[in-house]
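The values are calculated or read from the model by the stated rules, or taken from the named source; none is laboratory data. Here the structure is a predicted model, which means the values were calculated and not measured. Every residue, glycine as well, gets a Cβ built from its backbone with ideal geometry; the counts of neighbours run over all protein chains shown.
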Amino acid sequence: MFTASWRGSAVGIMALVLVLFLIGGQAAAQLPDRIVIGWSPPDITGVFKTATDFFEAAARDAREHGLNVEVLTRSPATHVAFADQVAILEDFIQRRVDVIAVSPTEVEIIRPAILEANRAGIPVIVVNLLEPIEGVEVASYIGFDNAVAAAVTAYSLVDYFGGPGVLGTGPRLDVDVETYLDLDWWENVYRNLSASDKENIRARGAIIEGIAGGFFSTARLNGFNSVISQFPGIEIVGVLPADWNREKGIRAAEDFLSANPPGALDFIWAASNEMGLGAMLAVEAANRQDEVKIFTNDVTPESVARIREGRLVAETWHGFPEWGWYGTQFAVRLALGLDVPQFFDIRPRTVHAANAHLFYPEPALEPIDWEAIKAEALAKW
């Protein structure tokens with residue numbers, strides 16, 4: 001009697017365990033109810049608004065395919081509110097977001113916060129950067145080499161003032177409009193240019209940098225100067241910081257215009273879009289737009305419109321739509337325990353009047369196969 005009862009109980013227990021196992025396995029194969037991405041840009045003006053728009057667009061696309069993805073965007077008020085961005089990242093960690101995506105105000109400033117996220121087990125994506133940050137774990141870098149991007153702009157400027165290429169008065173190359181005008185392309189064009197041809201390219205100009213001495217500003221100055229230094233006929237009359245800010249860019253440009261009377265200044269290169277648009281406004285207010293040409297970096301819908309109008313000569317693409325589109329895709333994959341590329345290179349390239357239509361209003365982005373991502377996650381679980 002005891003034995004039969006025990007055997008019966010054992011069979012019942014085994015059946016119950018099997019049912020629970022099956023139920024548990026089925027539950028384990030369910031996708032998360034919600035995936036929260038904590039996204040912190042340095043501010044929410046032009047370029048970073050564009051990136052944020054595409055973070056949101058990719059999240060909407062994911063929701064349409066059954067993945068409840070939310071982007072929680074928090075930014076400092078300005079590029080120089082360093083402590084505020086650290087506080088934002090710490091808040092994301094406290095909230096236990098699934099993934100953190102950040103475009104640093106400055107690399108060294110946010111390193112401790114990334115380390116804290118590492119300890120909390122929250123994956124981190126860094127955008128606007130390809131150079132690895134030492135001492136921390138970053139799941140993926142989406143961006144570009146800042147020195148390379150500035151070198152591309154420098155070649156655009158050299159082209160405009162007499163060198164071979166697609167702009168200005170120099171020899172015009174027969175180039176398909178869809179050609180990737182990246183650094184490799186420019187270096188191939190200029191590789192065999194003679195010393196005398198380099199000397200004949202002449203212009204005087206000024207530079208508006210970002211945060212003086214900062215990582216990004218220094219990298220862009222170095223990249224720009226690495227090209228310009230090869231052309232002895234191009235003279236830089238001064239460098240002023242404007243903290244990546246449009247209003248400060250206006251004031252810096254006004255200072256250069258005051259110090260260099262008509263006929264003494266040919267160009268201003270601003271190391272970012274916001275500062276470049278500020279320089280453009282200052283030059284136009286002084287009625288010197290026919291003389292002083294503006295070159296800049298970043299590319300937003302606003303600046304593409306200004307390029308089409310002839311108010312900016314050329315700009316270098318930094319891929320803000322890619323930041324948000326692929327940033328969301330990679331964040332979701334990380335939240336689902338899937339792999340992501342450690343480096344995703346935007347490949348900066350020249351945007352000018354003839355090819356501006358390729359970038360906005362409809363940037364070329366690969367569709368995200370959310371169904372395949374869901375299937376991959378469920379199969380792994």
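Here the stretch 162-172 is the region considered, the condition is being at pLDDT below 95 and more than 13 Å from HIS352 (Cβ to Cβ), and the residue that is surrounded by the most Cβ atoms within 10 Å (Cβ to Cβ) is GLY170.
Considering each residue of the stretch 27-38 in turn, none proves to be farther than 15 Å from ARG96 by Cα, surrounded by fewer than 21 Cβ atoms within 10 Å (Cβ to Cβ), within 16 Å of the chain's Cα centre (by Cα) and not assigned by TED's automatic domain parsing to the domain that holds GLY249.
When you scan the stretch 108-130, do you find a residue that is of a type in the set (Gly, Ala, Ser), surrounded by fewer than 17 Cβ atoms within 10 Å (Cβ to Cβ), within 26 Å of LEU334 (Cβ to Cβ) and in contact with a helix residue (DSSP H, G or I) (Cβ under 6 Å, 6 or more places away or on another chain), even just one? For the stretch 108-130, residues of a type in the set (Gly, Ala, Ser), surrounded by fewer than 17 Cβ atoms within 10 Å (Cβ to Cβ), within 26 Å of LEU334 (Cβ to Cβ) and in contact with a helix residue (DSSP H, G or I) (Cβ under 6 Å, 6 or more places away or on another chain): present.
Going through (1) over 19 Å from the mean Cα position of the chain (by Cα); (2) surrounded by 22 or more Cβ atoms within 10 Å (Cβ to Cβ); (3) hydroxyl-bearing (Ser, Thr, Tyr) one by one, SER258 falls short only on (2). Inside the stretch 225-245, residues that are part of a helix (DSSP H, G or I) and either among the aliphatic types (A, V, I, L, M) or within 18 Å of the chain's Cα centre (by Cα) (or both) make up a count of 2. Within the stretch 298-320, restricting attention to residues that are at pLDDT 95 or above and in contact with a Pro (Cβ under 8 Å, 6 or more places away or on another chain), the residue that is surrounded by the fewest Cβ atoms within 10 Å (Cβ to Cβ) is TRP317. Go through the stretch 255-277 and give me each residue that's in contact (Cβ under 8 Å) with a residue 60 or more places away in the chain and either outside the structural domain of ALA151 (by TED's automatic domain parsing) or under 28 Å from PRO76 (Cβ atoms) (or both). Within the stretch 255-277, ILE268, TRP269, ALA270, ALA271, SER272, ASN273, GLU274, MET275, GLY276, LEU277 qualify. Kindly indicate whether any position in the stretch 84-99 is over 22 Å from THR50 (Cβ atoms) and in contact with a Phe, Trp or Tyr (Cβ under 8 Å, 6 or more places away or on another chain). Within the stretch 84-99 (the criterion being over 22 Å from THR50 (Cβ atoms) and in contact with a Phe, Trp or Tyr (Cβ under 8 Å, 6 or more places away or on another chain)), the answer is no, since none of the residues qualifies.
Of the strands (runs of 3 or more DSSP E) lying entirely inside the stretch 27-117, those containing at least 3 residues that are within 18 Å of ILE133 (Cα to Cα) span 99-102. You will find that of TRP370, TRP323, the residue that is closer than 21 Å to SER272 by Cβ and hydrophobic (A, V, I, L, M, F, W, C) is TRP323 and no other.
Applying the condition of being touching a Gly at 6+ places or on another chain (Cβ under 8 Å) and not β-branched (Val, Ile, Thr) to the stretch 207-224 and asking which residue is surrounded by the fewest Cβ atoms within 10 Å (Cβ to Cβ) yields SER217.
Within the stretch 332-361, the set of residues being over 17 Å from the mean Cα position of the chain (by Cα) and of a type outside the set (A, V, I, L, M, F, W, C) comprises ARG333, GLY337, ASP339, HIS352, ASN355, HIS357, PRO361. Considering the stretch 261-270, and only residues there that are of a type outside the set (Phe, Trp, Tyr) and within 20 Å of ASN222 (Cα to Cα), the residue that is surrounded by the fewest Cβ atoms within 10 Å (Cβ to Cβ) turns out to be ILE268. Taken as a whole, the condition of being modelled with pLDDT of 95 or more, assigned by TED's automatic domain parsing to the domain that holds SER272, in contact with a Lys or Arg (Cβ under 9 Å, 6 or more places away or on another chain) and surrounded by 22 or more Cβ atoms within 10 Å (Cβ to Cβ) does not apply to ALA252. Once the stretch 118-155 is narrowed to residues that are assigned to a loop (DSSP other than H, G, I, E, B) and of a type in the set (Gly, Ala, Ser), the residue that is farthest from the chain's Cα centre (by Cα) is GLY121. Among the residues of the stretch 145-159, not a single one is surrounded by fewer than 24 Cβ atoms within 10 Å (Cβ to Cβ), at positive phi and at pLDDT 95 or above. Does any residue of the stretch 104-117 turn out to be free of Cβ contacts under 8 Å to residues at least 40 places away in the same chain and of a type in the set (D, E, K, R)? Scanning the stretch 104-117, I find at least one residue that is free of Cβ contacts under 8 Å to residues at least 40 places away in the same chain and of a type in the set (D, E, K, R), so the answer is yes. For ARG204, the criteria (1) touching a Gly at 6+ places or on another chain (Cβ under 8 Å); (2) surrounded by fewer than 23 Cβ atoms within 10 Å (Cβ to Cβ); (3) part of a strand (DSSP E or B); (4) in contact (Cβ under 8 Å) with a residue 40 or more places away in the chain hold in every case but one, which is (1).
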